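Enquirer: Okay, here's the structure, questions in a sec.
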Amino acid sequence: MRASILVAALPALALAEEQVPLVDKIKGFWSKATAAVSSAVPAVPSPLDAGAAKAAEQIQHELTLDTWRDVLTVDPTASAPTTQDWLVYITGGNTTCYGLCGNTTKAWNTSLPLLAARPNPPKFAVVDCDKEAILCNSWSVGPPSLYYFQIPKPLADQSAPAPTVRFIPLNRTSTTVDTFKKLVLDGEYEKRAPYEGAWHPFSGWLQEYHLAIPVAWVLWGFSKMPSWLPMILISFMSRSFM
Ligand SMILES: *[C@@H]1O[C@H](CO)[C@@H](O)[C@H](O)[C@H]1NC(C)=O
Ligand SMILES: *[C@@H]1O[C@H](CO)[C@@H](O)[C@H](O)[C@H]1NC(C)=O
Ligand SMILES: *[C@@H]1O[C@H](CO)[C@@H](O)[C@H](O)[C@H]1NC(C)=O
Ligand SMILES: *[C@@H]1O[C@H](CO)[C@@H](O)[C@H](O)[C@H]1NC(C)=O
């Protein structure tokens, strides 16, 4: 009896043993990857960049306003109760990130294969706020940043606790491969307080009352409004009051 319990426990032990060196191995990659990134000449795309971009493309899902709810889900074959972690990288181009997200995105692309090699890794997604302005406004997020989702699988009676979300803004100038290592591999994201406000993508009241998208359009409209327009409107209104 005892012996059979021992035998049953052995594979689990072997697995645990194997995971320790794996984590060490991943951590070992970082120093190499970081060195390679900082020594790369920025003007010439290095093979490492090309490789990172290609790997990033394969690992991460691209979110859009129409599809994000279908993408950020739990694997249907996983048995409840379980949660699926999703790590969403929020980036932008010249409009929403003033062209300053390039270095951060490069660090993210380089980090992705290493983060994915972690035991029990999260799934990865990316949002480009230049392309998906309404999605970003409806979550009230801007680039560069990370959104860490923990999505519970609904129970048999379809009830599910609200997903836990953690928003992590990134510094445009100082984010490196090492930042992502600390946040994801070393588990620093867990120290961030979960976000529970009105803009929560799943359970905020703006989503619950279907206001997030209309409000996002209004915000987008304001961002597109030329700065002279309010002046004209104010002077027009004050004149008509006189
Ligand atoms: C990052 O990877 C994406 C593919 O997912 C690619 O489109 C993008 O150009 C890459 N960016 C950088 C800065 O390497
Ligand atoms: C962003 O702006 C830079 C500099 O003004 C320009 O070289 C680049 O082509 C722009 N990129 C896009 C996607 O418009
Ligand atoms: C990106 O990195 C290059 C090279 O390290 C640097 O010259 C540039 O100022 C950085 N850009 C930003 C926005 O931090
Ligand atoms: C971003 O990092 C730079 C350099 O480390 C620092 O000077 C700056 O204050 C940081 N910005 C924010 C918003 O934390």
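Enquirer: When only residues in segment 149-177 that are β-branched (Val, Ile, Thr) and either part of a loop (DSSP other than H, G, I, E, B) or open to solvent by 60 Å² or more (accessible area, probe 1.4 Å) (or both) count, which is farthest from ligand 4 (Cβ to nearest atom)?
Expert: Step one: of segment 149-177, the residues β-branched (Val, Ile, Thr) are 151, 164-165, 168, 173, 175-177.
Narrowing further to those that are either part of a loop (DSSP other than H, G, I, E, B) or open to solvent by 60 Å² or more (accessible area, probe 1.4 Å) (or both): 173, 175-176.
Values: Thr173: 5, Thr175: 8, Thr176: 10 Å.
Filtering segment 149-177 for residues that are β-branched (Val, Ile, Thr) and either part of a loop (DSSP other than H, G, I, E, B) or open to solvent by 60 Å² or more (accessible area, probe 1.4 Å) (or both), the one farthest from ligand 4 (Cβ to nearest atom) comes out as Thr176.
Enquirer: Then there is this: Are there any pairs, at least 6 apart or on different chains, whose C-beta atoms fall under 8 Å, with the first in segment 85-106 and more than 11 Å from ligand 3 (Cβ to nearest atom) and the second acidic (Asp, Glu) and open to solvent by less than 50 Å² (accessible area, probe 1.4 Å), and if so, which?
Expert: Once the first residue is more than 11 Å from ligand 3 (Cβ to nearest atom) and sits in segment 85-106, its partners that are acidic (Asp, Glu) and open to solvent by less than 50 Å² (accessible area, probe 1.4 Å) give Thr91/Asp128; Gly92/Asp128; Gly93/Asp128.
Enquirer: Inspect segment 62-70 for any residue being of a type in the set (A, V, I, L, M), at pLDDT 90 or above, under 25 Å from Ser159 (Cα atoms) and away from ligand 1 (no atom under 15 Å from the Cβ) and give the result as yes or no.
Expert: yes
Enquirer: For segment 55-104, give me each residue that is within 25 Å of Ser174 (Cα to Cα), among the hydroxyl-bearing types (Ser, Thr, Tyr) and away from ligand 4 (no atom under 16 Å from the Cβ).
Expert: Tyr89, Thr91, Thr95, Thr96, listed by residue number.
Enquirer: Also, quick follow-up: Of the conditions (1) of a type in the set (S, T, N, Q); (2) touching a residue at least 40 places away in the same chain (Cβ under 8 Å); (3) not in a helix (DSSP H, G or I), Thr110 clears all except one; give me its number.
Expert: It is condition (3) that Thr110 fails.
Enquirer: When you check Leu87 against the structure, is it more than 16 Å from ligand 2 (Cβ to nearest atom), closer than 23 Å to Lys182 by Cα and in contact with a strand residue (DSSP E or B) (Cβ under 6 Å, 6 or more places away or on another chain), yes or no?
Expert: Answer is yes for this residue.
Enquirer: Out of the residues in segment 75-128 meeting the condition of being of a type in the set (S, T, N, Q) and touching a Ser or Thr at 6+ places or on another chain (Cβ under 6 Å), tell me which one is surrounded by the most Cβ atoms within 10 Å (Cβ to Cβ).
Expert: Looking at residues that are of a type in the set (S, T, N, Q) and touching a Ser or Thr at 6+ places or on another chain (Cβ under 6 Å), I get Thr104.
Enquirer: I'd like the residue in segment 187-215 that is of a type in the set (Asp, Glu) and either farther than 14 Å from Ile168 by Cα or open to solvent by 90 Å² or more (accessible area, probe 1.4 Å) (or both) and, out of all such residues, is nearest to the chain's Cα centre (by Cα). Outline the logic, then answer.
Expert: Quick first cut of segment 187-215, residues of a type in the set (Asp, Glu) only: 188, 190, 196, 208.
Among the residues that remain, those that are also either farther than 14 Å from Ile168 by Cα or open to solvent by 90 Å² or more (accessible area, probe 1.4 Å) (or both) are: 190, 196, 208.
Working: Glu190: 14, Glu196: 17, Glu208: 22 Å.
Once the filter is applied, the top-ranked residue is Glu190.
Enquirer: Phe236 - would you say it is out of contact with any strand residue (DSSP E or B) (no Cβ under 9 Å at 6 or more places or on another chain), at pLDDT below 90, open to solvent by 50 Å² or more (accessible area, probe 1.4 Å) and farther than 29 Å from Gly99 by Cα?
Expert: On the way: out of contact with any strand residue (DSSP E or B) (no Cβ under 9 Å at 6 or more places or on another chain): yes; at pLDDT below 90: yes; open to solvent by 50 Å² or more (accessible area, probe 1.4 Å): yes; farther than 29 Å from Gly99 by Cα: yes.
Taking the combined requirement at face value, the residue satisfies it.
Enquirer: Continuing with the same structure: Just to be sure, is Pro143 assigned to a loop (DSSP other than H, G, I, E, B), of a type outside the set (Val, Ile, Thr) and surrounded by 20 or more Cβ atoms within 10 Å (Cβ to Cβ)?
Expert: Values: assigned to a loop (DSSP other than H, G, I, E, B): yes; of a type outside the set (Val, Ile, Thr): yes; surrounded by 20 or more Cβ atoms within 10 Å (Cβ to Cβ): yes.
Judged against the criteria, Pro143 is a match.
The values are calculated or read from the model by the stated rules, or taken from the named source; none is laboratory data. Values in this document were obtained by computation on a predicted structure and should not be read as measured data. Please note: Cβ atoms are built from the backbone with ideal geometry, for glycine as well, and neighbour counts cover all protein chains shown. Heavy atoms of the whole protein, side chains included, go into the accessibility calculation; ligands, DNA and RNA do not. Shrake-Rupley method; radii C 1.70, N 1.55, O 1.52, S 1.80 Å.
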